[in-house]
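**Student:** Got a structure here, written out as structure tokens. Questions coming.
Only the coordinates and a few stated rules stand behind these numbers; no lab work does. In this text the structure is predicted, and so the values were computed from the model without any measurement. Every residue, glycine among them, receives a Cβ derived from its backbone with ideal geometry; neighbour counts consider all protein chains shown.
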Amino acid sequence: MIGGDEESRPADGQGQPVFHYNRERRLQRAPEPVRRAWAEGYTPNKGFIRGLTANAGLKSILVSILLLVMAIYFVSFFGEKENSSSLDGIDYTLRAFLHGETVYVTVTCTSEEPDSSLIPVSAAFTALDASGETVSSSSASDVFAGAETRIRTTFQDYEIARIRTVLAIGSDEQKKQLTLSVSVDRN
């Protein structure tokens, strides 16, 4: 007997041992979890978290997914957005969407602290196609008086992909420029 689990004897005159496997004897000497697993068969892990962390491979995938989700949230909350910017305490946001055959473009000017001074804002809108070529252009202006101000324009849709806007803020002596860009929302 080798190891107490298998019996051996010479086979058909060749002198080689023949091993006979005895499952019952092996299970009698096996630890309790092994005997229970053999008796009950496959039992899947109960619960959502146990199913995701059943082995080392699943644990590493779960950790990777969690790290990616945290990175996406961090970038979305703290990252610089190209369609919005601030200058001298005033926030400027550019939005563009398609409705029917018309692209509607809006620049919204807002401020947390109301100011009584009047600030002229002029916007030069440029509509770009997917290759970056200029399709059309337009301009509009308004005066920011501390309350929310919107500067709007429209374009006929000739497969416009992006809108680029150059804002000229302030009077002629102290004019500042700000460039915003946004892709057209086609949903």
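**Student:** Starting from the Kirkwood Rh over alpha-carbon pairs, what translational D in µm² s⁻¹ does the chain have by Stokes-Einstein at 10 °C and 1.306 mPa s?
**Tutor:** Answer from the Stokes-Einstein relation: 68 µm²/s.
**Student:** Subtracting the Cα-Cα distance from 0.36 nm times the residue separation, let me have the gained length for Ser76 to Val18 in nm, one decimal.
**Tutor:** On the way: separation 58, 0.36 × 58 = 20.88 nm, distance 6.77 nm.
Fully extending the segment from Ser76 to Val18 adds 14.1 nm.
**Student:** Determine, for each peptide in 153-161, 103-111, 23-31, the mean count of other beta carbons within 10 angstrom over its residues, then list the peptides with the highest first.
**Tutor:** Highest to lowest by the protection proxy: 103-111, 153-161, 23-31.
**Student:** Please give me, ordered by residue number, the trypsin sites (Lys or Arg not before Pro) of segment 129-172 that lie in loop per DSSP and have at most 12 other Cβ atoms within 10 Å.
**Tutor:** none
**Student:** What is the Cα convex hull volume of segment 20-78 when expressed per residue in Å³?
**Tutor:** In segment 20-78, the Cα hull volume divided by residue count equals 104 Å³.
**Student:** At q = 0.15, 0.19 Å⁻¹, what log₁₀ I(q)/I(0) does a Debye calculation on the Cα points of segment 43-141 give, no solvent, two decimals?
**Tutor:** Ignoring solvent entirely, the Cα scatterers give -0.83, -1.07.
**Student:** Before anything else, pin down the relative contact order of the chain: Cα pairs under 8 Å, at least 6 apart, normalised by residue count, whole percent.
**Tutor:** With pairs under 8 Å counted, the relative contact order is 16 percent.
**Student:** Follow-up. For Ser139 and Lys176, FRET efficiency with R0 = 22 Å and r from the beta-carbon atoms, rounded to 0.05?
**Tutor:** Rounded to the nearest 0.05, the efficiency is 0.80.
**Student:** Relative to the present Cα-Cα distance, how much length would full extension add between Ala39 and Ser86 at 0.36 nm per residue of separation?
**Tutor:** 10.1 nm
**Student:** Turning to a different aspect of this structure: Excluding residues fewer than 8 places away in the same chain, name every one of the lysines whose C-alpha is closer than 20 Å to that of Lys81.
**Tutor:** Cα-Cα hits under 20 Å: Lys176.
**Student:** Quick one: Cα centre-to-centre distance for segment 61-92 and segment 158-187, in angstrom?
**Tutor:** 21
**Student:** So for the pair Arg50, Arg152, with labels modelled 7 Å out along Cα→Cβ, what separation do we get in nm?
**Tutor:** 5.8
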